[in-house]
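Some notes on the structure that comes next.
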């Protein structure tokens, strides 16, 4: 759902300009990255667009945004952790001397067949290099939405492979 | 909204927040975020903290405005949903707890949770004060001395260094060094304490009937583990917080209290400071580099009995 009504657009614009720095500071304290923090705030306002009636109906849009941001951050952390988990567990542990730093060459070879070269390069950016989706999208010349969907598709394949 | 009033109904006020460094405020936010549930800070608390941080970090208004404008343009270009977008960006619905309609920005909680939140916030501030003061060789917590006024209780440190051991915890065969970001879920308070280098014999073996374990968490803050447990009965709650200080220095730690007298209760050759704040009781003591706090709707008699149960094993 997009924001259609002028009063909603005005409300969103005002909240964004009033609260962006605060929400960014919150996200940065938790994510320790400017790019990921900004992405969390952008995703929060995207949800606000999608659920603007809920936000305005709450009677406390600023509080609603803080709570939503918290959930977005939890979601980001969980999603990235599970991606890393599927990556690490799809590869033999013998091939990863240090679980915290997977050998990218070995990972490349072992993942062959599960993801195309480009898809896997994208996954590496997100999981190993901790890019935001916007950074990765810009590098690969695609939209943020397309980037997320591609990563979700790769994750689905890894999960299915893991569950075999 | 931030700045609506200077005094927060649960005890956080702007003056206190401004006395904390930005790093301390960020730690407060992280501690709240990591709490499994019943987070101590309301969204108003969080916004008030963020307001203090923002004022410190955004002194250049023009630069700040330009940065927000850049982000806003990026939002409109890269993130804002367009007509026809059906899929959420998220695998799970991130829209969260909605503050009650039309009312102030206070989460809808029962009175006892509200009282408990007061205590927990106070405990967090106390822990932060202890943990985030100047870093140095160490601290002998036996030398922490309690002093108090009408409104505050203060643990003052004599600044003696002490060697401390670095514990590690082992759960399900994997080793988790204290200080890592990993969060382990425990179902037993004894396990949580032992895994974090604290003997389970140092907490009460007795408490009033009718209480059951409601929440148990272990947080890691700058290599110092904090075990937190909440017990609830039908109409009361109390919490036990165990903070194992590994290598810290602290000038002093302030606890909020009301005007009632602080009781120094000696048991097991340790002084336990019993104080009240509104309608909760709190006891604080230090034993072998560990700070223990029990807070809740307990009577002084019950607290003394709980303390005695530690040393009567």
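A few remarks follow.
- Taken along the Cα-to-beta-carbon direction at a fixed 7 Å, the label points for residue B:213 and residue B:260 span 2.9 nm.
- Put a dot 7 Å past the Cα of residue B:234, heading toward its Cβ, do the same for residue B:201, and the two dots end up 3.7 nm apart.
- With the highest mean first, a sort of the peptides B:65-71, A:35-41 on other beta-carbon atoms found within 10 angstrom per residue produces A:35-41, B:65-71.
- Sorted ascending by nearby beta carbons within 10 Å, beginning with the fewest, B:226, B:294 become B:226, B:294.
- Cα-based shape type of segment A:12-51, given that a ≥ b ≥ c are square roots of the gyration tensor eigenvalues and the cut on a/c is 1.5: oblate
- Cα radius of gyration and Dmax for segment A:6-76 (Å): 11.4, 36
- Nearest-0.05 FRET efficiency for residue A:149 and residue B:67, computed from C-beta distance (R0 35 Å): 0.75
- Ranked by how many other Cβ atoms sit within 10 Å of their own Cβ, fewest first, the residues A:82, B:212, B:289 fall in the order B:212, A:82, B:289.
Every number in this text was worked out from the coordinates using simple rules, so none of it is lab data. These numbers were taken from a predicted model, which means no experiment stands behind them. Don't worry about glycine lacking a Cβ; one is built from the backbone with ideal geometry, like all the others, and counts go over all protein chains shown.
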